[in-house]
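First up is the structure itself, then whatever we jot down about it.
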Amino acid sequence: MSAPIDGTHDAALQSWVASANAPGTDFPVQNLPLGVFARSGDARPRIGCAIGDQVLDLEACAERGLLRGLPEDVEEACRTVTLNALMGLEPRLRGTLRHRLSHLLRAEGAFVTARNDRADVLLPQSEAEMRLPAAVGDYTDFYASIFHANNVGRMLRPDNPLLPNYRWVPIGYHGRASSLLVSGATVPRPRGQTAPRGEGPPEFGPTRSLDYELEVGAFLGPGNTLGSPIPIAEAEEHVFGLCLANDWSARDVQRWEYQPLGPFLSKSFATSLSPWVVTAEALAPFRVPAFVRPDGDPEPLPHLRGEDDAARGGIDLRLEVLLSSEAMRREGKPPVRVSRSNLRDLYWTLAQMVTHHSSNGCNLRPGDLIASGTVSGPEEESRGCLLERTWRGEQPFTLPTGEERRFLEDGDEVILRGRCERDSFVPIGFGECRGVIERFDEGVRSQT
Ligand code: MN
């Protein structure tokens, strides 16, 4: 079952941290996302909770006794340097932390508050250097948007865009955990083999069709033991929380290498993640029915079919991509929005991805990451990557500086944002996932 709505979602709750009550903040007291940060000058990372424009330092809270009374495992997990231990806890225990954080940060009526210790437990986000939220053991990227799959298929196989397995199997490939980057890290333009005419011989050099992919990542836990698949009815309990993910892709490299085993070096050079993990509990008010399959599409096989999943397996999460070129920043022009879509349009739910992933007995572990695949919708403006947005570069668009874009140029910054809104609830946001493309300079690299 997915997490319930409770008192921590009450729209009347306010925080004593003033910036958390500002309309439009991503991090009101109803959100309470978790992340890992380092204070400047201190190398040891700590776990924090974003509140308004501040961070609540959980290590400092523990030192001041503010986590006293929580189950021992929870307090211990809060004093480690990644979220892995928290992700390994069963949902009931994770829930105790959310309730405590809500009490520590709410304005009134709290039996325990961090207000009196604020000088010691709170720091501005601008002083927190964000790290990856977890030590990711394995990273799997899915392909769960049928709109994305259909568009990409149309470019490759106009007569037969969607392969027959798509409606039966949540398609995925094994991603690379070592090149996961936290938002803000620069992305070096990768080199690779490309074959401009589609046949060999290929050439080797910097990619000419660098792309972003607008995706949502899910950190998993507690996970399963090898040989014990996770049933669909229990799959939600293994989703700890979500972040934004940019699966940078080199399309020319991908086109040459992807058959017969799927993407490899066209994807493994970098994936950027937003630093704050919005927990499954925080998302409870924004659950919606799973995507309704059009008439004529098959029902999923029984092991991928769940009553709760059909009723609440979707998440109403509005996503957008913004782009800013080096020249735009130089001229003081704000980033422009290039796409807008919604996670609820995925053909497969997160629970179906988790169940499918473990259905062969494969074990999932706390801190594993799965990503949704490019989140595209039915409209042109909801296409979640440039490959679709400019139709393989055939339909370029113009930036406010007059520059044209088919694919990403050096110095381009891509910004992903996500936000959940629903009447009678306080909106919550995901913060940002940013990355700037770094120029590939052979001369400089070979000298160093
Ligand atoms: Mn992807």
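The values are calculated or read from the model by the stated rules, or taken from the named source; none is laboratory data. Bear in mind the structure is a predicted one, so any value in this text is a computation, not a measurement. When we count neighbours, we look across all protein chains shown, and the Cβ atoms used for this are built from the backbone with ideal geometry, even at glycine. Just the protein is used for accessible areas: all its heavy atoms, side chains included, with ligands, DNA and RNA removed. Shrake-Rupley method; radii C 1.70, N 1.55, O 1.52, S 1.80 Å.
Against the list (1) within 28 Å of M130 (Cβ to Cβ); (2) touching an Asp or Glu at 6+ places or on another chain (Cβ under 8 Å), the condition S382 fails is (1).
Candidates A218, A245: the one that is touching a residue at least 12 places away in the same chain (Cβ under 8 Å), within 19 Å of P33 (Cβ to Cβ) and either open to solvent by 20 Å² or more (accessible area, probe 1.4 Å) or in contact with a helix residue (DSSP H, G or I) (Cβ under 9 Å, 6 or more places away or on another chain) (or both) is A218.
Number of residues in segment 67-119 that are of a type in the set (S, T, Y) and either touching a strand residue (DSSP E or B) at 6+ places or on another chain (Cβ under 8 Å) or at pLDDT below 95 (or both): the value is 3. Only a single item in (1) under 30 Å from C362 (Cα atoms); (2) not in a helix (DSSP H, G or I) is not met by G95, and it is number (2).
Cβ-Cβ distances below 6 Å connect the following pairs, each with a first residue in segment 135-160 that is farther than 18 Å from Q259 by Cβ, a second residue that is open to solvent by 50 Å² or more (accessible area, probe 1.4 Å) and more than 15 Å from the ligand (Cβ to nearest atom), and a separation of six or more residues or different chains: G137/R365; F147/P378. Considered as a group, the residues in segment 208-231 that are touching a Leu at 6+ places or on another chain (Cβ under 9 Å) and not in a strand (DSSP E or B) include one that is farthest from the ligand (Cβ to nearest atom), and that residue is P222. Filtering segment 292-306 to residues that are touching a residue at least 24 places away in the same chain (Cβ under 8 Å) and either open to solvent by 70 Å² or more (accessible area, probe 1.4 Å) or closer than 24 Å to P378 by Cβ (or both) leaves R293, D297, P298, P300, L301, H303, L304, R305. Just one of (1) closer than 24 Å to E281 by Cα; (2) touching a Leu at 6+ places or on another chain (Cβ under 8 Å); (3) not in a strand (DSSP E or B) trips up V253, so point out which. Of (1) closer than 24 Å to E281 by Cα; (2) touching a Leu at 6+ places or on another chain (Cβ under 8 Å); (3) not in a strand (DSSP E or B), only one is false for V253: (1). For beta carbons closer than 7 Å, sequence separation of 6+ or different chains, a first residue in segment 199-214 that is basic (K, R) and a second that is away from the ligand (no atom under 16 Å from the Cβ) and in a loop (DSSP other than H, G, I, E, B), there are no qualifying pairs. Would you be able to tell me the number of residues in segment 383-392 that are away from the ligand (no atom under 16 Å from the Cβ) and open to solvent by less than 10 Å² (accessible area, probe 1.4 Å)? Matching residues across segment 383-392 total 1.
Taking each residue of segment 376-395 that is more than 14 Å from P161 (Cβ to Cβ) and looking for partners that are hydroxyl-bearing (S, T, Y) and in a loop (DSSP other than H, G, I, E, B) with beta-carbon atoms closer than 7 Å, six or more apart or interchain, yields S382/S376; R383/S376; G384/T374; G384/S376; C385/Y212; C385/T374; L386/Y212; G393/S209.
Of the residues making up segment 190-207, those that are buried (at least 20 other Cβ atoms within 10 Å of the Cβ) and away from the ligand (no atom under 16 Å from the Cβ) number 2. In this entry, M130 passes the filter for residues that are outside any loop (DSSP other than H, G, I, E, B) and either open to solvent by 50 Å² or more (accessible area, probe 1.4 Å) or over 17 Å from Q254 (Cα atoms) (or both).
Here's a check for you: in segment 326-340, which residue that is of a type in the set (G, A, S) and farther than 17 Å from P396 by Cα is most open to solvent (accessible area, probe 1.4 Å)? Among those residues, the one meeting the criterion is G332. The condition of being within 30 Å of P28 (Cβ to Cβ) and either within 16 Å of the ligand (Cβ to nearest atom) or β-branched (V, I, T) (or both) holds for only one of L273, L283, L265, that being L273. Look at (1) in a loop (DSSP other than H, G, I, E, B); (2) more than 15 Å from the ligand (Cβ to nearest atom) and you find that P170 fails only one, number (2). Report whether or not L67 is closer than 23 Å to A119 by Cβ, in contact with a helix residue (DSSP H, G or I) (Cβ under 6 Å, 6 or more places away or on another chain), in a loop (DSSP other than H, G, I, E, B) and without any contact (Cβ under 8 Å) to a residue 60 or more places away in the chain. Yes; evaluated as a whole, the condition is true for this residue. On the basis of being open to solvent by less than 20 Å² (accessible area, probe 1.4 Å), within 16 Å of the ligand (Cβ to nearest atom), under 26 Å from E438 (Cα atoms) and more than 20 Å from the chain's Cα centre (by Cα), does R255 make the cut? Answer is no for this residue. Restricting G435, G373, G402, G361 to those that are at positive phi and crowded, with 23+ Cβ neighbours inside 10 Å reduces the list to G373.
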